[in-house]
1. Mind pulling up the Rg/Rh value for the stretch 104-147? Radius of gyration and Kirkwood radius, both on Cα.
2. Can you tell me the relative contact order of the stretch 63-177? Whole percent, Cα pairs under 8 Å, sequence separation 6 or more.
3. Past the 17 angstrom mark, what percentage of all C-alpha to C-alpha distances in the stretch 265-342 do you count?
4. Return the Rg/Rh value of the stretch 57-131, two decimal places, where both radii are evaluated on C-alpha atoms and Rh is the Kirkwood radius.
5. Listed here are the pairs 66/129; 51/144; 261/304; 53/262; which of them are more than 31 Å apart at the Cα?
6. Treat each spin label as a single point 7 Å out from the Cα along the C-beta direction, and report the residue 261 to residue 47 distance in nm.
7. Can you compute the FRET efficiency between residue 347 and residue 409 using 1/(1 + (r/R0)^6), with r the Cβ-Cβ distance and R0 = 56 Å? Round to the nearest 0.05.
8. Going through the stretch 90-133, which trypsin sites (Lys or Arg not before Pro) have at most 11 other Cβ atoms within 10 Å and a DSSP loop state?
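None of the figures in this text is laboratory data; all of them are computed from the coordinates on show. As the structure is a computational prediction, the values presented were derived from the model and not from experiment. For neighbour counting, all protein chains shown are included, and Cβ atoms are generated from backbone atoms with ideal geometry for every residue, glycine included.
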Amino acid sequence: MMSRYAAFVFFLYFGVVSHGIEVEVKNDDKLCLYANLTVSFSVTYEIADNKNKTVSFELPANASSKGSQCNDTNSILKLSFLDGHSWSVNFSLKDKNYQADTMTFVYNLNDSKVFPDSSSNETVTVTTKPDITDVGVNTSYSCKSKDTLVASLQANMTLSDVLIQAFIVGGNRSKNLTTCPADTPVTPTPTHVTNATTVAPVTNATTVAPVTNATTVAPPTTPTPTLPTPTVGNYSIRHDANSTACLLANFGLRIGFTQNKKYQEVNFDPPTEVSGSCGVDNSELILVSNNITVSLSFYNDTKKFRLHAVNVTINSSSGVFAQSSANLSLWEAAVGSSYMCNKEQNFTITSLLSFYTFSLHVQPFGVKNGLYSTAEECPTEESYLVPIAVGVALLVLILIVLLAYFIGRKRNMASGYQSF
């Protein structure tokens, strides 16, 4: 019979009281999973008059570990709290290492204590993939640094002071740790000293003259390789398994981002997880690939649709990069048609985030029979030449007419003076 025990720890952090939770999961009275961590949530939801409200809250001290379980190859840490909310992590073991496969956050918008004035009463489930991989079976995963995971445009989770051992052998916890990259200290690069005094080795000599102003030759730099064109992914969202697609998209994506004052670019590979939703006014496409999560939100104003919000999370060796913008007007086309652009395009999402798209084709509304509608194509550089040429021709014509008018008027005036 599986028994569970949960004890709760409180600590002060920067003057704010945070709630840590310690959980022990047992199988046949033997400890099989241990966790001690802090989790906080931020959720944006809709209220009256099409306005949004954002609330932040933490995993409370009375969270229940009922539903947590573990066996030889899979473990689940599940914590339920308040009225219909839960947070869980699924772990899997392969060979001598384990990893976190999915992290799921379920929140109930009908809970008026947490979500006051919510215009929805639905229960929302969001899922993301945490960067907890290659942890030895006889090792605990440790990460004191804060790690923010953006699960959707509306919800994110922040973990800190994490200590987890998902597979415990023999009922005894291990003291061995696998530390997250964010906690790993950065070794400073040694500074090369130039203009140093070099003394040559002496053999049977009385004095040696120092050699000053020695020159240190820097090793040749290797140019940064150019990224190949990203692979084009094809994505679709359905209302349910028996319906045709209600959202279609295909594109190749390169992401440019600035982290720790360093600009980087990375190609977004076709994802392992595709999710989203289709609505009358809003549709969403969520893509998860390796350590990158991209959320695209589209808005329909009954006449035109556009990409109006983007949320990107990248778990890199330098920590978590997270940027979002909800005030965009990109990929615009008439409702009932699709938007297409085969050339490479560059979009500035925020001051720290850029998109480079290739072979883009998207239709988030009005999809019929699972097929793209007639496409509205992005303007090409050549398309601007025609209106520019027409404008120049009209300007020249106007100048000619005005010039002829003034010349004719001057002649008429001269003719009038002579007849007088």
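1. Rounded to two decimals, Rg/Rh equals 1.22.
2. Taking the mean separation of contacting Cα pairs over the length of the stretch 63-177, I get 19 percent.
3. Details: 1568 of 3003 pairs.
In whole percent, the share of Cα-Cα pairs in the stretch 265-342 beyond 17 Å is 52.
4. That ratio is 1.06, to two decimals.
5. Numbers: 66/129 22 Å; 51/144 36 Å; 261/304 37 Å; 53/262 33 Å.
From 66/129; 51/144; 261/304; 53/262, over 31 Å: 51/144; 261/304; 53/262.
6. 4.0 nm
7. Result of the calculation: an efficiency of 0.55.
8. Answer by residue number: 96, 113.
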